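Worksheet: one structure, shown below.
What follows is calculated from the coordinates using simple rules that are stated; it is not laboratory data. No experiment lies behind these values; they were computed from the predicted model shown. Cβ sites come from the backbone with ideal geometry, for glycine too, and all protein chains shown count toward neighbours.
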């Protein structure tokens, strides 16, 4: 399990949901707390206003799921698949991801602050207009990732690969270009000033 940067690990589950076929299930308004989901198929599931609090997900398939205005608070995801899944205005504060697949994952809006994604392969994922304050992207592969208008204040970016990433409009105040790969990344002029200042450069 990846180390949880902030907060505590989810407590032991009060109940377990194992090996269920919930593909295309409508999860609107579902409420789950301290529940462990193991090998559950949520392919194509939809959810609006669902809340999962202190839950664990192991080997769960979220492929092509469409999650809107839902919350996964202080949850843990281990070896889960998010192929072509979409999170719109969702809150994942304090959750942590260990392994898993994120190809074509789309995150639009919402709050992913204090989320742990160390070492994650996010090369084909996109994040737009998301709050990701203090997110842990240590060693993450974000080469070519879209991180557009993302609040990355106080993010952990050491060892992350942001080469060719679209970083326009994002808060890069936590970026150390000497400890992060940024070759070919797309930034705007204001961000260039921020990075120059972090290197101690003066613009004439």
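Sort largest first and round to whole Å: the equivalent ellipsoid semi-axes of region 15-109, each the square root of five times a Cα gyration tensor eigenvalue.
16, 15, 14
Taking only C-alpha pairs under 8 Å that are 6+ residues apart, what is the relative contact order of region 21-96 in percent?
27
Obtain the nm distance between the two label points defined at residue 19 and residue 154 by a simple spin-label model: each point lies 7 Å from its Cα along the Cα-to-C-beta direction.
Each label point is offset 7 Å from its Cα along the Cβ direction, giving 4.4 nm.
Would you mind putting 80-87, 46-53 in packing order, based on average other-beta-carbon counts within 10 Å, highest first?
Peptide ranking by packing, descending: 80-87, 46-53.
How far, in nm, would the chain grow between residue 28 and residue 173 when pulled straight, counting 0.36 nm per residue and subtracting the alpha carbon separation?
48.5 nm
How large is the helix-only mean residue ellipticity at 222 nm for the chain, computed as the sum of -39500 (n - 2.57) over DSSP H runs with n ≥ 4, divided by its residue count, in deg cm²/dmol to the nearest 500?
Mean residue ellipticity at 222 nm (helix-derived): -1500 deg cm²/dmol.
Angle check, please: helix 189-198 long axis (alpha carbons) against the longest principal axis of the chain (alpha carbons), in degrees 0 to 90, nearest 10.
It works out to around 80 degrees.
According to the square roots a ≥ b ≥ c of the eigenvalues of the Cα gyration tensor, what is the shape class of region 112-199, taking rounded for a/c under 1.5, prolate for a/b larger than b/c otherwise, and oblate for the remainder?
Rounded, because the longest to shortest axis ratio a/c is under 1.5.
Kindly provide log₁₀ I(q)/I(0) values, in the same order as q = 0.10, 0.13 Å⁻¹, from the Debye equation applied to equal alpha-carbon scatterers of the chain.
-0.41, -0.67
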